[in-house]
Amino acid sequence: ELLRQAAEATPSGYLVKPFDELELSATLTMAVHKHRADRATRETKTLLEKTVVERTQELARASDGLRHSEELLESVWDTVSEGMRLTRADGTIYRVNRAYCALVGMTRAQLDGRHSSIVYPAGRAQKHMDYHRQCFTDGEAARHIERMLPLHDGREVWVAMSHRLLPSVEGEPRL
């Protein structure tokens, strides 16, 4: 019974009587060392747990802020009255807004992932692809163009276009 009670107390050591002073000194030194190490471990664990909680809260706030910014950007992107299109260096359409879809008479499903020349008549597609390729090769695009734009469906619309190369998270610019 005495041994069971001693084990439940989680002692730092045991002394068996009779004991000598050297053994007592060594046991006490080890017990003090173990106590200090255990206390340091508990303090470190508490500090780490507090840091994890604080960092998790900080990340949650940042994530909420990012989500809000993304929702705001999506709202602006989709409700702005000017047609906007982002394309990759290879000319594929990365993203379009509603106004662009209305302008060219196509849906997002018809445009997403397709080459941007799809909106032009077949005879103008190559000219468009050459211009697009040149923008990425030169690292710049014509800033502002106003002209009649022939479309795939035979319509012609007067447009004022602004082109910019934009950096992306992936490192590949967008036009």
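The values are calculated or read from the model by the stated rules, or taken from the named source; none is laboratory data. Keep in mind the model is a prediction, meaning the values are calculated, not measured. Cβ: placed from backbone, ideal geometry, glycine included. Neighbour counts: every protein chain shown. Please note that ligands, DNA and RNA were not included when accessible areas were found on the heavy atoms of the full protein model with its side chains. Shrake-Rupley method; radii C 1.70, N 1.55, O 1.52, S 1.80 Å.
Summary of computed values
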item	result
Residue list for the stretch 29-76, filter: acidic (D, E) and under 30 Å from M161 (Cβ atoms)	E70, E71, E74
So T56, is it among the polar types (S, T, N, Q), open to solvent by less than 50 Å² (accessible area, probe 1.4 Å) and either at pLDDT 95 or above or out of contact with any Phe, Trp or Tyr (no Cβ under 8 Å at 6 or more places or on another chain) (or both)	no
Positions within the stretch 128-165 being in contact with a Phe, Trp or Tyr (Cβ under 6 Å, 6 or more places away or on another chain) and under 17 Å from A89 (Cβ atoms), in sequence order	H128
Helices (runs of 4 or more DSSP H) enclosed by the stretch 73-162 - at least 3 residues per element that are crowded, with 16+ Cβ neighbours inside 10 Å	98-104, 122-138
Any hit, the stretch 77-98, residues being polar (S, T, N, Q) and over 21 Å from P167 (Cα atoms)	yes
Per-region count, the stretch 2-18, residues open to solvent by 90 Å² or more (accessible area, probe 1.4 Å) and either assigned to a loop (DSSP other than H, G, I, E, B) or at pLDDT below 70 (or both)	5
Count - residues of the stretch 19-53 that are open to solvent by 100 Å² or more (accessible area, probe 1.4 Å) and more than 55 Å from the chain's Cα centre (by Cα)	2
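Every residue, every condition in (1) touching a residue at least 24 places away in the same chain (Cβ under 8 Å); (2) closer than 30 Å to M129 by Cβ, yes or no:
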site: K17; (1), (2): no, no
site: K50; (1), (2): no, no
site: V53; (1), (2): no, no
site: D64; (1), (2): no, no
site: H68; (1), (2): no, no
site: W77; (1), (2): no, yes
site: T87; (1), (2): yes, yes
